[in-house]
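These notes are about the structure you will find just below.
The values are calculated or read from the model by the stated rules, or taken from the named source; none is laboratory data. As the structure is a computational prediction, the values presented were derived from the model and not from experiment. When we count neighbours, we look across all protein chains shown, and the Cβ atoms used for this are built from the backbone with ideal geometry, even at glycine.
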Amino acid sequence: MGALALRRGGEDPARPHGDLGAEALADEAALPAGPRAGAARAGRRPGPADPHRPAGRRGFCRPPGAGGSRRRARRPESARRRGWRQQQLGAARLAHGVRQAAPGRRSASRAGSPQCLLPGAHLLSSVRRHRPLLRRDARLHPLRPQRRVAWSVTHAFADTQDFFVERFDSSEPLRWEFSGEWHEALVNQETISVRDGAPETVEVVTTRHGGVVLGDPRGGTAVSFRWTSTAEPDSSLEAVLPMLLARSVDEINEAMRHWVDPCNNFVSADTDGNIAYLTRGRVPVRSKANAWLPVPGWTGWYEWTGDVPFDEMPRMRNPEGGLIVTANNRIVGSEYAHYIGMDYRPPSRAQRILVRLEGVKNATLADAAAIHADRVSIPALRLKDRVVAVVSADGHREVEALDLLREWDGSMGASSPAAAIYTAVRDTLTGFLMDQRALSPVRNARVSGEPPNAAAALRSWRLLPGLLNEDNHGLLDPGEDWDSLVGRAWTKGLAWLEERLGPEVADWSWGSLHRTAPVHPLTIHQPELAPLLNPPSVSIGGDGDTVQATSSLGAGVHTIGTTSVARYAFDLADWGNSRWVVPLGASGHPGSPHYADQADAWGDLELFPMRFDWSVITDEAETRQVLPPATSQTRSPQRKDKP
C-alpha cells in the first residue's frame, strides 16, 4: 500500500492522472511444481540456470498483498453462501509521499514511504556500498536514488494470478482435460527437510495452468494456480543494472521492459526536471471473468492469450499541471483498453495529498516530511458529522466525548481521544452492519490465519462512510435505519472505551490502542525466543484512511499490521541533504544497539541523514564489512570495526 505524488518545480498543482494506484489483500499462494516446470510443460528442454532469470522465484522480497489470490480464494465460499449457481461460480487482495523535480539543477525534492506488513525482521536497511564502477546508496529493496534519477514504488496490486478448476480422469487420475482432450499431468516429487524430523516428500501435480494447490486430482477435481512470475521465466532481475545506470526518467522506464513481478506504481524524477509514472510488471491478457472467481480450466475459454504490451501499460510523463498522485486508488478508468485489476482503495488519501500540495512550489524536504505525517482522515470527518448530527449526549462522560468529537479536525493523532472515540464508534457500527441479514453469506468467509470476520469487516468498514453519506439502506434489515444504528454504536462504543481504557475520557488516547507489535519470524514456532528477538512496540498515529497509513485488521483489532517499512526524502539538487528512517534499525542482529534504535524516531516521523559523500561516510562509519568473492579460502564476509 502507499501513496505517491510527483511535482515539477515552479508549476501549479493539478488533478492526478486518472486514478493511479491500487490495493488488495492477498496471500502468497503455493508455487508451481519446480523451478523449471513451465519449460517442461511447454515441451522445451531447460537450459543452464541463470540467476538473473529464475524460472521459479523463491525467497524474492514480495509485498504481502499481491495478485488478487486471497480474495479470489475467498469468493467461491461467499458466492456459494449467497446461492449463486454453479455456472456462475465458474465450476465451483509506497509510499506516501511527495516527489517534486525542478527544471535544470534548481532545488528539487521527492519523497516516499513504501508500505507492506510491518516485519518482525529487517526488510530494509541503509548501507553504503563501494565498488570500482558503482558508488551509490544501496538497500535490500528496489529503492536506490541515482545521482540523476530518484524513484520509488508502491504495489499496483495488478491482477496477475488466477485459479483454474481442473477436471481429472477418474480412471487415470493424472490425466487432465483441456478443450475436449486428455493430457498427462507433470508430476514432481518435492522433498522438504524438517527440523528435528524425517524429510517429507510431497507430490506436486502440474497442468498447463500451473501447480495444483487445492484438492486431490485423484478425486476428479482440483484447483491449479497460475502466476506471471512462475508461468514463464522471470526476467525481473535483468532490469536492475539498467536501473542503476539510468540517467533520466526515460531510461529508467525503459529498463522496466524486463520487469515481471511485483507489479508496481513506479514513479521517477530526474535532475533535468522531468517526472514520470509507469505501471511496471507483466499483466496477462484474459477474460475479465477470471477476475472474480476460480474459472473452469477444461474449456479453453479463460486462457491467458499474452501480456498487456509494455508500451500500452498505464504511463505518463510531465503531465499538464506538473503533478502526479497515486495513493492505492484506481489506476485507470473504464476507457483503458486492458483489464489491470479490480480491488482498489478509496481515493481519500490521494485527495489529502492534493490538498497538502495546494500552493506548494519548489517543494522542500520539510514539505515532503509534513505530507508523510498527515493524519487527517476524510472518511472520519464524514462519520463525525453524522454522529454529531444524530447523537444526544446523556451524562457527563457522553457530553465530554461529544464535545471533543464536535471540535475534532479529523486528525488521527496518537494522543487524540477524539480519534479513539471515532474509531470505537465506527468499529461498533461496522459490527452492526455485519449483523444485517444481507451480509450473513460473507460473515465468516475467510482464509486461514485471519480473525473471524476480519476480511468482511474491513470491507464493511470501508463501505460505511459512503453508505452514511448517501443514507443508503440497501444492506439494512427491514425496520432498521442509520440514525438508530449510529446512536446505538455511540453508546456501545463509549462503553467499550471505558472498559478498555478507564472512565476518564482524557485517557482515551488513540495511541493506547494503535500500536505496533512486530513479531520475529522465528518466534512464531519458538515463542520462548520472543523476549530476545521481537522488536519493541511503539504507539503511532494515522490509520488505513490517512496519508500516514497505519492499517489494522479491523473487527476491533487495532494493532498495526500494514504500514511504512521506510520513509525517505531525496533532494535531487543536493543528494547529501536527503533523509531516511526505517521502523526498526540498521542491524538485523538482536544483540546490536542498532537492532531497533530507529523505532521511536520512526513512530515520531523523524528522518535521519542519508549520506552520499564518500569521505563523510568513511569518517562517520562505525563498522565496515568487506565482501570478497567466494573462494575455497574465503566463504564469509570480513567485518572490521572502526578504529
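If you check Trp602 against the conditions, is it closer than 19 Å to Ala414 by Cα and among the aromatic types (Phe, Trp, Tyr)?
Details: closer than 19 Å to Ala414 by Cα: yes; among the aromatic types (Phe, Trp, Tyr): yes.
So Trp602 fits the description; yes.
Do you know which residues across the range 204-233 are closer than 21 Å to Pro294 by Cα and part of a loop (DSSP other than H, G, I, E, B)?
Result: Arg208, His209, Gly220, Glu232.
Name the residue that is surrounded by the fewest Cβ atoms within 10 Å (Cβ to Cβ), counting only residues in the range 299-340 that are at positive phi and at pLDDT 85 or above.
Initially, the range 299-340 is screened for residues at positive phi, giving 300, 306, 318, 321-322, 328.
Within this subset, residues satisfying the condition of being at pLDDT 85 or above are 300, 306, 318.
Working: Gly300: 11, Gly306: 9, Asn318: 16.
It comes out as Gly306.
How do the pairs read when you match residues in the range 203-222 that are among the polar types (S, T, N, Q) with residues anywhere that are in a strand (DSSP E or B), using Cβ under 6 Å and keeping only pairs 6 or more apart or on different chains?
If the second residue must be in a strand (DSSP E or B), the pairs left are Thr206/Leu186; Thr207/Glu166; Thr207/Trp176; Thr207/Ser224; Thr221/Gly215.
Looking at (1) at pLDDT 85 or above; (2) closer than 25 Å to Trp151 by Cβ; (3) not in a strand (DSSP E or B), which is the one condition that is false for Pro593?
That leaves (2) as the condition not met.
Any residue in the range 244-270 that is farther than 20 Å from Thr154 by Cβ sitting within a Cβ distance under 6 Å of a residue that is basic (Lys, Arg)? List the pairs, counting only those 6 or more apart or interchain.
Arg247/Arg148
Need a quick list: strands (runs of 3 or more DSSP E) entirely within the range 151-203 having at least 2 residues that are within 14 Å of Asp216 (Cβ to Cβ).
161-167
Going by what's in this entry, would Ile340 be described as among the aliphatic types (A, V, I, L, M), in the same structural domain as Ala156 (by TED's automatic domain parsing), within 30 Å of Ala569 (Cβ to Cβ) and over 19 Å from the mean Cα position of the chain (by Cα)? Full working, then the answer.
Details: among the aliphatic types (A, V, I, L, M): yes; in the same structural domain as Ala156 (by TED's automatic domain parsing): yes; within 30 Å of Ala569 (Cβ to Cβ): yes; over 19 Å from the mean Cα position of the chain (by Cα): no.
It is false that Ile340 is among the aliphatic types (A, V, I, L, M), in the same structural domain as Ala156 (by TED's automatic domain parsing), within 30 Å of Ala569 (Cβ to Cβ) and over 19 Å from the mean Cα position of the chain (by Cα).
Each row is one residue, and each column tells you yes or no for (1) assigned by TED's automatic domain parsing to the domain that holds Phe163; (2) in a loop (DSSP other than H, G, I, E, B); (3) aliphatic (A, V, I, L, M); (4) over 23 Å from the mean Cα position of the chain (by Cα).
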| site | (1), (2), (3), (4) |
| --- | --- |
| Glu251 | yes, no, no, yes |
| Asn265 | yes, no, no, no |
| Ala269 | yes, no, yes, no |
| Asn290 | yes, no, no, no |
| Thr299 | yes, yes, no, yes |
| Thr305 | yes, yes, no, yes |
| Tyr336 | yes, yes, no, yes |
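Can you pull out the residues in the range 307-320 that are not in a strand (DSSP E or B) and not acidic (Asp, Glu)?
The answer is Val308, Pro309, Phe310, Met313, Pro314, Asn318, Pro319.
Matching residues to (1) touching a Cys at 6+ places or on another chain (Cβ under 6 Å); (2) over 23 Å from Tyr302 (Cβ atoms); (3) among the β-branched types (Val, Ile, Thr):
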{"residue": "Gly210", "(1), (2), (3)": "no, no, no"}
{"residue": "Thr221", "(1), (2), (3)": "no, no, yes"}
{"residue": "Arg226", "(1), (2), (3)": "no, no, no"}
{"residue": "Leu237", "(1), (2), (3)": "no, yes, no"}
{"residue": "Leu245", "(1), (2), (3)": "no, yes, no"}
{"residue": "Ser248", "(1), (2), (3)": "no, yes, no"}
{"residue": "Asp261", "(1), (2), (3)": "no, no, no"}
{"residue": "Asp272", "(1), (2), (3)": "no, yes, no"}
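Read through the list (1) outside any loop (DSSP other than H, G, I, E, B); (2) over 21 Å from Ala337 (Cα atoms), then give the number of the only condition that Arg257 fails.
The failed condition is (2).
I'd like the full set of residues that are at pLDDT 80 or above and small (Gly, Ala, Ser), limited to the range 596-642.
Ala596, Ala599, Ala601, Gly603, Ser615, Ala621
Taking helices (runs of 4 or more DSSP H) that do not extend beyond the range 374-492, which have at least 2 residues that are of a type in the set (Asp, Glu) and at pLDDT 90 or above? Steps first, answer last, please.
Details: elements: 378-390, 396-407, 417-434, 454-470.
By residue number, 396-407.
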